[in-house]
């Protein structure tokens, strides 16, 4: 087997052989004719030694290699066997053995108390447990041994306490190794056994243990009473004992030389002390002389102290008189404080009574005021209900008028559509339309037949009537919203119920603005929109070109841009410069009247997407009728028949 320094292997010399062999020799006399379990048997030498006196011995070890080695080395012993097992969970039934032996085992597990409980489990009632462990206070703390294999070490008191939790009787012994290994009861002289003498100093003396504390603790445990434990001594008769005696002799010679040096040093120290004593005696004589000279001064100081003490007594009497006067003053003040406290209590009661009366009166006044407020509130509620009824009647009337306006606007749109259904069909008309408008004005070319001019005049009249109806619808919607926004609480629910039908009518009017009305048929004849690659602005461009509020021909002539780029130009930069999309819509006026609209947002797109649904007012530029007439004139249509005059061409 490999020698790790922690497991003893027979053949190893030194104190480790003495202490390990002595434990098994000590236990062999206690387990005679018994069935014994040796836990942590290691190489197997101890279990083999116990088998010489026991009826049967079973050795258990955690290391499978060690178990195999023990079985090979000691397989010839009939009453001896070996098994692999852990002290934390032994592979045996309860109460299986008469005696259990476990030396230097429990310090190698994390929970020594659990290991002791497992040893107690496999022990028969009244059986004997012989267990050992190093004393932490001596092995580790005093001798400074740091064993890397030890997981939990116990002191003597902790070891004894842990054993008494499982056994009624515990005999604690100690083991120390000097010239020989000694196991004896800890703390008292053995009642039987060899006469032990220990050389201590210059003379021998009797002691239960060596003068030093034992390094290892050996305990005998049982539920049955234990017999008196005799001391056990194991003397190494080999070379190790002789070497120990030679070492002790050399150590004695060394100590003798040290003692002579100490004696010489003590003699020198004595001579120095004699000289110091002589000097101190001379100093004492001088001090006596000085004390005799200072005696008169001391008596004079005592006289002065007596006079000061008399003065202090007089001052103390005066202070006592002043204290008595002060106490009398304090009593008078206390009486005055008590009188003032009684007055304050009386005033407090009076104030609380007055407060209660005032509170009662205030509550009565408050109840009267509440009754008056309640009556006034009922009157206001009735007035609000009447006002709400009147407003509801007005709203219903306005809704009816709005519906009539919407119907009229639809008829106007139908009339306009029929008028715009007439298209120029002749080749001459198409050629004339290819001529720029400025040149057509100079050449007085109109390119329209009489039937088309009459249709244009009818379309112009229908468009004017539609614009007027549209403005009336928007004004009517604004009036309805202002009426509904008036603060009346009682009629709020009925007003919402009546206002609901207004929205579809306004929505129909709003949708009519974004449908092609007047310019689509005419513009289609003059110029076809070029094909463009789809871009993020395409939806806004379609929305503008489909609305009657954006006139791309008028915008192109007014701001010198190409007609097919008019919508994109207005979206990109035109509205930022304050340019108008048509005579019917003012960019600056929309921003001025709607402060919540961001200046970076296109005003016409905002109106078409949100403004109409939010009932925002459509503020057109001044001269609406003239602008409309001018717009129709630019499309080659005549003025209104009932206008009385027609705008002449250039």
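Each value in this text was obtained by applying a stated rule to the coordinates, not by laboratory testing. Note that this is a predicted model, so its numbers are computed, not measured. Here the Cβ is made from the backbone with ideal geometry for all residues, glycine too, and neighbour counts use every protein chain on show.
Just subtract the alpha-carbon distance of residue 309 and residue 290 from 0.36 nm times their residue separation and send over the number in nm, one decimal.
On the way: separation 19, 0.36 × 19 = 6.84 nm, distance 2.79 nm.
In short, 4.0 nm is gained.
Relative contact order for region 15-236: what is it in percent, counting Cα pairs under 8 Å that are at least 6 residues apart?
Numbers: 450 pairs, mean separation 41.3, N = 222.
For region 15-236, the relative contact order is 19 percent.
Using Cβ contacts closer than 10 Å as the measure, can you line up 402, 360, 133 from fewest to most? Don't skip to the answer; put the middle values down first.
Values: 402 22, 360 10, 133 28.
Fewest-to-most ranking of 402, 360, 133: 360, 402, 133.
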To make sure I understand, if each residue's beta carbon is the centre and we count other beta carbons within 10 Å, what order do 92, 550, 8 fall in, fewest to most? 92, 8, 550
Exposure proxy ranking, count of Cβ atoms within 10 Å, fewest first, for 585, 149: 149, 585
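Among rounded, prolate and oblate, which fits region 130-183 when a ≥ b ≥ c are the square roots of the eigenvalues of its C-alpha gyration tensor, a/c under 1.5 means rounded, and a/b larger than b/c means prolate?
Values: a/c = 2.36, a/b = 1.28, b/c = 1.84.
Oblate is the answer for region 130-183, as a/c is 1.5 or above yet b/c matches or exceeds a/b.
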Which value in nm describes the separation of the simple spin-label points at residue 334 and residue 599, placed 7 Å from the Cα toward the beta carbon? 8.5
Just how far, in whole angstrom, is region 60-130 from region 332-399 if you go by their alpha carbon centroids? 94
If I model a spin label as a point 7 Å beyond the Cα along the Cα-Cβ vector, how far apart are those points for residue 362 and residue 32 in nm? 10.8
